[in-house]
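Report on the following structure.
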Amino acid sequence: MIEFDRVSFSYGSNSVLKDLSFSIGFEERVAILGGSGDGKTTILKIILGLVRPDSGRVLIDGEDMTDRDEDGLRESRMKFSMVFQEGALFDSLTVKENVAFCLREYDHLSEEDVDARVRHILGTVGIEHAMDLMPEELSGGMHRRVALARSLAACDPKMFLYDEPTTGLDPINADNICRLIVDLAREGTGFIVVTHKVVDALKVAKRFMFLKNGALSFEGSSAELMGAADPDIRRFISELRYGADAQGAEIQS
């Protein structure tokens, strides 16, 4: 369970989150929506302890992580697997070496076991054929799949955290990434996906949160989101192509 208890955060004089409270179970499939600068990605960074709130508390599995040192945060971070928007691959390493990096760093496997594990993970996300390519040789969709593969290799997470996983992708690749997100959650591992793309959020999530000016202005189901009367939510949805018709586009199971 992740709990935010009256969390506030600012970048200098810019207030990003304001007295924010919510709880999310590790098994849930949650989408956090909102415009640029409304604090969506900051929530993920606070969950991982990459930044600390100015006030309030953050609890992971009932333990207050707000003032933990790096050693204390490490155990908590191992419960999550983060996929950053930009993928954050090592440019000088092949696809195989990018995925193998964490296995060698943390699991102390033999090279034979590392190779077998990497092939299995790359097969899971459908890009085993690209294992010898460099990041610069990958398309946007493949780059995002490698980032997913590396997150799978990092640990045995209780929850995945996705930061704008389909931004910059064409509709076909965006749909493929959405399907992967759902597939990876079928074993009971939940996720939080931060996005401004309502169409893609509706394909994967079951619970929706909408941030406005750093505060939670909506929380509910897809039907409640699409029927929300809040003018800011209506405007946000209407600006996205096919947003009004996306309710029937779910690919989750």
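Scanning the range 182-199 for residues that are closer than 17 Å to ALA147 by Cβ and either crowded, with 24+ Cβ neighbours inside 10 Å or touching a helix residue (DSSP H, G or I) at 6+ places or on another chain (Cβ under 6 Å) (or both) yields VAL182, PHE191, ILE192, VAL193, VAL194, THR195.
Selection of the range 40-72 for residues being open to solvent by 70 Å² or more (accessible area, probe 1.4 Å) and of a type outside the set (A, V, I, L, M) yields LYS45, ARG52, ASP54, ARG57, GLU63, ASP67, ARG68, ASP69, GLU70, ASP71.
Give the residue, chosen from PHE4, PHE9, PHE26, PHE22, that is surrounded by fewer than 17 Cβ atoms within 10 Å (Cβ to Cβ), in the same structural domain as VAL198 (by TED's automatic domain parsing), under 21 Å from THR195 (Cβ atoms) and of a type outside the set (A, V, I, L, M). I'd like the intermediate steps shown before the answer.
Values: PHE4 fails: surrounded by fewer than 17 Cβ atoms within 10 Å (Cβ to Cβ); PHE9 fails: surrounded by fewer than 17 Cβ atoms within 10 Å (Cβ to Cβ); PHE26 fails: surrounded by fewer than 17 Cβ atoms within 10 Å (Cβ to Cβ).
Unique residue meeting the criteria: PHE22.
Number of residues in the range 152-181 that are surrounded by fewer than 23 Cβ atoms within 10 Å (Cβ to Cβ) and in a helix (DSSP H, G or I) equals 10. Scanning the range 80-97 for residues that are touching a Pro at 6+ places or on another chain (Cβ under 6 Å), open to solvent by less than 60 Å² (accessible area, probe 1.4 Å) and in a loop (DSSP other than H, G, I, E, B) yields one hit, LEU89. Looking for whichever is touching a residue at least 24 places away in the same chain (Cβ under 8 Å) and not assigned by TED's automatic domain parsing to the domain that holds THR42 here; the options are GLU97, GLU136, GLU128, GLU111. Which one fits? Answer to the selection: GLU136.
The values are calculated or read from the model by the stated rules, or taken from the named source; none is laboratory data. Please read all numbers here as calculations on a predicted model, not as lab measurements. Here the Cβ is made from the backbone with ideal geometry for all residues, glycine too, and neighbour counts use every protein chain on show. SASA here: full protein model, heavy atoms, side chains in, ligands and nucleic acids out. Shrake-Rupley method; radii C 1.70, N 1.55, O 1.52, S 1.80 Å.
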